[in-house]
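Undergrad: A single structure is presented below for examination.
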Amino acid sequence: MPVLFIPNTKGDPSNKSEALNACLRPLMAELINLFVNGVDVVYNYPSELIDNRDLPRRFKLRAMLVLFTGDHPAQCKGVVVYDCNRRQYRHPAARKTVTELRQAVLELNACTTSAARKKVSQRTGVVADSNVWKLYDLYGFNPSLDLTYDAMHVLALSMFKKYTELLKKDSERTSAGRDALIAGLAEATKKKPRFFRGRWPKDPFNRLGYFKAEEYSNFVLYCVPHILYEMGYKPGSVLYDLGG
């Protein structure tokens with residue numbers, strides 16, 4: 001069962017780890033209780049439609065966390081920087097095992113000075129403890145494998161953003177190209193479904209710096225086909241093949 005959890009971690013950037021742990025604490029308590037104690041359930045759905053066995057109507061329902069996913073903070077807030085990301089992509093560091101991560105957390109907790117904590121963090125890549133380790137101790141939730149990142153924002157704020165910037169730059173070579181981009185965007189905006197909700201791309205020439213992931217995604221997915229047609233792009237051109 002997927003559950004959406006959005007912690008409110010606004011505030012002092014230096015205390016983000018503590019803020020996130022504070023937000024996670026009640027969630028971890030609920031998850032531990034659901035696994036250890038469970039909840040009594042009366043199931044009214046006919047069991048023969050689920051399984052050939054005669055399933056009991058009353059039973060104890062327990063829950064386990066199997067996956068925890070979050071967004072990349074660097075692309076959204078500008079607080080974290082992935083240094084030398086191209087080199088790291090081509091030559092990634094060795095993946096740490098859950099045992100190594102656990103040992104790094106224990107070392108970090110044993111530090112008595114900020115200088116010692118910084119030294120451990122630089123060596124291990126671990127910057128703070130987390131309430132998630134309680135689930136590792138309880139039933140083997142693996143933070144090294146079961147904590148994942150949502151790549152959709154990275155796609156929108158990297159590839160889609162770069163493509164939008166290139167298309168805008170190409171249109172600015174002539175006044176006709178600029179007018180064609182505006183016309184294509186206007187046509188897509190006019191034809192979008194009435195029930196559409198969310199951020200819609202507007203005026204990329206003056207507001208591109210304010211675009212979020214949703215606007216870049218909507219621009220590439222729904223507006224680019226109209227824009228490419230209006231600008232006269234043909235198959236074989238780089239922008240057409242990438243955007244089409």
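The values are calculated or read from the model by the stated rules, or taken from the named source; none is laboratory data. These numbers come from a predicted model, not from an experiment. Positions of Cβ are generated from backbone atoms using ideal geometry, with glycine treated the same way; all protein chains shown enter the neighbour counts. In case anyone asks, the SASA skips ligands and DNA or RNA and just uses the protein heavy atoms, side chains included. Shrake-Rupley method; radii C 1.70, N 1.55, O 1.52, S 1.80 Å.
Undergrad: Please sort through the DSSP H helices of the chain and keep those with an alpha-carbon extent of at least 27 Å along the long axis and a Kyte-Doolittle average not below 0.0.
TA: Flagged H segments are 16-36.
Undergrad: Further question on the same structure: Determine, from the Cβ-Cβ distance of LEU34 and GLU165 and an R0 of 51 Å, the FRET efficiency 1/(1 + (r/R0)^6), rounded to the nearest 0.05.
TA: 0.65
Undergrad: Further, regarding this structure: Just for the Cα atoms in region 16-164, what are the lengths along the principal axes, largest first, rounded to whole Å?
TA: Here the Cα extents, ordered largest to smallest, are 59, 49, 28 Å.
Undergrad: For the chain, what does the accessible surface come to per residue with a 1.4 Å probe? Please give it in Å².
TA: The answer is 72 Å² per residue.
Undergrad: Once neighbouring chains are kept in place and the probe is 1.4 Å, which whole percent of the accessible area of the chain is contributed by carbon and sulfur?
TA: About 56 percent, which is the carbon plus sulfur part of the accessible surface.
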